[in-house]
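Asker: Right, I'll just put the structure down here and ask away after.
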């Protein structure tokens with residue numbers, strides 16, 4: 001029994017260290033928190049926001065900079081919301097805690113037709129309320145608990161249903177430049193955060209507005225990504241790393257890339273004035289070493305004309321372009 005307890009304790013310590021390291025790395029990579037920041041942690045009562053607060057508290061203890069933390073809960077007046085859970089929990093934390101009371105629930109139920117997803121409007125109302133509080137209370141960074149899985153799911157939601165290649169960035173400056181949103185858990189896996197919540201015995205408050213909706217596309221996307229990982233182990237890690245290795249010139253958005261190219265005369269002049277680059281020269285050298293006469297390697301060389309892009313090996317005249325060629 002003691003050995004099992006020791007093993008569990010070691011796993012908990014490793015998990016905490018891993019989450020702390022990944023959050024610290026994300027904060028560093030995207031300059032999320034700076035000297036003198038006043039960081040507002042949005043505490044919903046879900047596992048991710050609890051973990052975010054605890055990890056930021058841990059990081060603050062050893063950070064080379066000084067920053068303030070406050071925690072804020074938006075009471076949206078959902079029926080059955082336990083109003084005492086978060087105040088009781090936060091009474092043991094050395095972090096100022098505020099509750100914003102705003103009946104966004106009734107507004108969402110009034111404006112969203114029956115059977116439609118409430119997430120978009122709910123998120124917009126919640127964001128506007130939190131922005132207002134941040135401005136009134138000198139908050140410089142708004143910290144949200146979105147993690148790696150959220151970021152990937154949002155990517156595919158936008159692709160599949162919005163025709164946009166975008167997701168949740170680790171750090172976002174609002175369109176009016178007045179607010180900065182950060183996601184310190186951007187590198188953290190949801191599975192680790194879920195187990196961390198068990199380790200810490202967080203008093204989880206379920207969201208009866210969001211999680212209870214049928215046919216949520218996000219749930220379907222989550223299942224799809226999970227199936228991919230089972231079929232192609234490691235693909236989720238590669239997908240996430242791909243978001244950090246974007247090549248705009250190899251996409252199709254002409255707002256990111258003008259797709260300008262030199263005209264024929266300019267291109268030919270450039271080639272004349274500049275030797276082949278090293279890659280092409282190396283390829284030519286390799287081919288020269290192995291192919292004294294490339295046509296001599298072909299079966300029945302010389303007996304039949306070989307067509308290549310509209311030209312034959314025994315004729316210098318074009319025979320017409322192949323269908324579909326340039």
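The values are calculated or read from the model by the stated rules, or taken from the named source; none is laboratory data. As the structure is a computational prediction, the values presented were derived from the model and not from experiment. Please note: Cβ atoms are built from the backbone with ideal geometry, for glycine as well, and neighbour counts cover all protein chains shown.
Asker: Regarding region 278-286, can at least one residue be identified that is more than 30 Å from residue 156 (Cβ to Cβ), modelled with pLDDT under 90 and under 36 Å from the mean Cα position of the chain (by Cα)?
Answerer: Within region 278-286, one or more residues are more than 30 Å from residue 156 (Cβ to Cβ), modelled with pLDDT under 90 and under 36 Å from the mean Cα position of the chain (by Cα).
Asker: Among the residues of region 59-96, which ones are over 29 Å from the mean Cα position of the chain (by Cα) and closer than 15 Å to residue 39 by Cβ?
Answerer: Scanning region 59-96 gives 93, 94, 96.
Asker: Just to verify a result, which residue in region 97-122, among those that are more than 16 Å from residue 44 (Cβ to Cβ) and touching a helix residue (DSSP H, G or I) at 6+ places or on another chain (Cβ under 9 Å), is surrounded by the fewest Cβ atoms within 10 Å (Cβ to Cβ)?
Answerer: The qualifying residue surrounded by the fewest Cβ atoms within 10 Å (Cβ to Cβ) is 111.
Asker: Another question about this same structure. Could you tell me whether region 175-190 includes any residue that is part of a helix (DSSP H, G or I) and out of contact with any strand residue (DSSP E or B) (no Cβ under 9 Å at 6 or more places or on another chain)?
Answerer: So far as region 175-190 goes, yes, one or more of its residues are part of a helix (DSSP H, G or I) and out of contact with any strand residue (DSSP E or B) (no Cβ under 9 Å at 6 or more places or on another chain).
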